[in-house]
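Asks: Just dropping this structure here.
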Amino acid sequence: MSNKASIFILIAICIFSVQAFSQSTKLIIRIDGKEIPISAFVKNEFVYASSSELAEALKIKYYKNKANQKIEYKFDAFNLKFSSKNPFVIKSAKSAAAEQIIQLPISTYFIDDQIFVPLEYVLELTKNAYPNQMDYDKDQQVLSVLKGTPILKEIISPKEGTISIAEKTNGVLITIKCVKKIPKYSSFVKKDVLTLTLNDINVPADNSVIIPSKNFIKRVSSKKIKSNSVISFDLKPGYSSHEFTSKDDGKTLLLTIRKASQLDNSAKKDKWDFNVIVIDAGHGGKDHGAIGLNGLKEKDVNLAIALKTGKLIEDNIKGVKVVYTRKTDKFVELYKRGKIANEKNGKLFISIHCNSTPQKPTDASGTEIYLLRPGKTESAIKIAEEENSVIKYEDNPSRYQKITGDNFILVSMAHSSYMKYSEKFSDYLNTNFINNQQLKSRGVKQAGFYVLVGASMPGVLVETGFISNKNDAQMLKSSAGQTKVATSIYEAIKKFKDYYEKVIKTES
């Protein structure tokens, strides 16, 4: 080999090394009260971790073949074999001779005699085999191991189900999995004790476990009352509210206990002055939204109502600035709408939309107000899916993959500190719609709208009527009808501003 060729190869190797580690980082593993840094790097927004260091930190048994550049994770039920520079993983179950070949969306790397694996995909592969629940905070590069074994063994028999506790930035997520469907459950809070009753679920009676939690749970205990099981969570100060969500299988309950609001706890109350309202006119530009009777476009109605609402605020509420996510017929990506609201330090986010049905005309009519929570009814879920489908017009729809399915429970916790304020504004607005004879109210509901996810502040999505309904469409198309809706929103904002400022003043 010539000297020039050798120099070229050396330069190429150096360039590769610089590229690979130009975004080098340290992934922190929190386990057993310790923080263990392991080698990692970021490439194309994916975090790659040293497979051997990861195994050692998580106490996973493994075998490393340096010669063949392979590593095998060994679990009780199966093994996972990773190869360097290869997206294929071999999964071999110990109960069967057959092997399963799994293809990851991205490949592994081999650097400095170490196999670096894409962390999020590896966590997905190991979640059913690893004995403890893990919580990965991608922004902070922290992987926390949450040990729930004492609860699993003592509160619910392994034959009946499991309980696990995950500490999140905005509170606690408790997952209760039973081996059979839960026919009925109920809960209440009294004197800092949250009591959950599960009908026809068997748990060992009179057990109690102290939880070494940094958040709100001091103790979990259980007892039997006839055929029902009662599980009690002793709570520490600092929580604000709780909510149960039942998963589709009917066997799993997700309990979120929320941290007290930043608005409630902030020492710098002045930064929460009610001085910015963000008005979001849904759809726009190439995204026309729903098409109603006689070709009425949702995007046009939304914009007209948004501008009229903003004008009422600007003319009548001193010291409050109105920020519009769009003031013209242009397309704005969903994530950018929340980004605009956050950058302008908004105190209330209102996203304005219209409803419609496939069949036109329809008898369905009236306004609906939505909060950001998992949808509980088929119609609410369907409406959210329709509104969320606009991501097909965006350059990178995959950015929303993290806020679908079960992960939405975690995402919505980020908004939990604002929920009581969102609920209060919804109450004011719904009352106005009820009192306005021309606007039939269909009530306050909940569903997973992407546009609400991005805005870190109290917020609602308003469906101002059905443009597939003759009467609603006629009203929403007219300037007078649009003003009617805008006035109802504006009057609700005035009431909410008074409430908001009283809360801030009382708690400052």
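The values are calculated or read from the model by the stated rules, or taken from the named source; none is laboratory data. Note that the structure is predicted; figures quoted are calculated from it, not measured. Positions of Cβ are generated from backbone atoms using ideal geometry, with glycine treated the same way; all protein chains shown enter the neighbour counts.
Asks: Go through segment 70-140 and tell me which strands (runs of 3 or more DSSP E), entirely inside it, have 2 or more residues that are closer than 26 Å to GLU45 by Cβ and modelled with pLDDT of 80 or more.
Replies: The strands (runs of 3 or more DSSP E) meeting that bar are 70-74, 78-83, 88-93, 99-103, 109-111, 114-118.
Asks: Within segment 322-347, which residues are within 16 Å of PHE274 (Cβ to Cβ) and modelled with pLDDT of 95 or more?
Replies: VAL322, VAL323
Asks: Right, another one. Of the residues ASN68, ASN86, which single one is in contact with a Ser or Thr (Cβ under 9 Å, 6 or more places away or on another chain), assigned by TED's automatic domain parsing to the domain that holds ALA40, surrounded by fewer than 12 Cβ atoms within 10 Å (Cβ to Cβ) and farther than 17 Å from THR126 by Cα?
Replies: Result: ASN68 is the single residue among ASN68, ASN86 that is in contact with a Ser or Thr (Cβ under 9 Å, 6 or more places away or on another chain), assigned by TED's automatic domain parsing to the domain that holds ALA40, surrounded by fewer than 12 Cβ atoms within 10 Å (Cβ to Cβ) and farther than 17 Å from THR126 by Cα.
Asks: Oh, and also: THR309 fails exactly one of the following numbered conditions: (1) touching a residue at least 40 places away in the same chain (Cβ under 8 Å); (2) surrounded by fewer than 18 Cβ atoms within 10 Å (Cβ to Cβ). What is the number of that condition?
Replies: (2)
Asks: I would also like to ask the following. For segment 31-45, give me the residue count where each residue is touching a Leu at 6+ places or on another chain (Cβ under 8 Å) and at pLDDT below 90.
Replies: Count: 1.
Asks: Counting only residues that are assigned to a loop (DSSP other than H, G, I, E, B) and surrounded by 19 or more Cβ atoms within 10 Å (Cβ to Cβ), which one in segment 366-380 is modelled with the lowest pLDDT?
Replies: Ranking the qualifying residues of segment 366-380, first place goes to GLY375.
Asks: Among the listed residues SER229, SER208, which satisfies the condition of being assigned to a strand (DSSP E or B), modelled with pLDDT of 70 or more and of a type in the set (S, T, N, Q)?
Replies: Values: SER208 fails: modelled with pLDDT of 70 or more.
Unique residue meeting the criteria: SER229.
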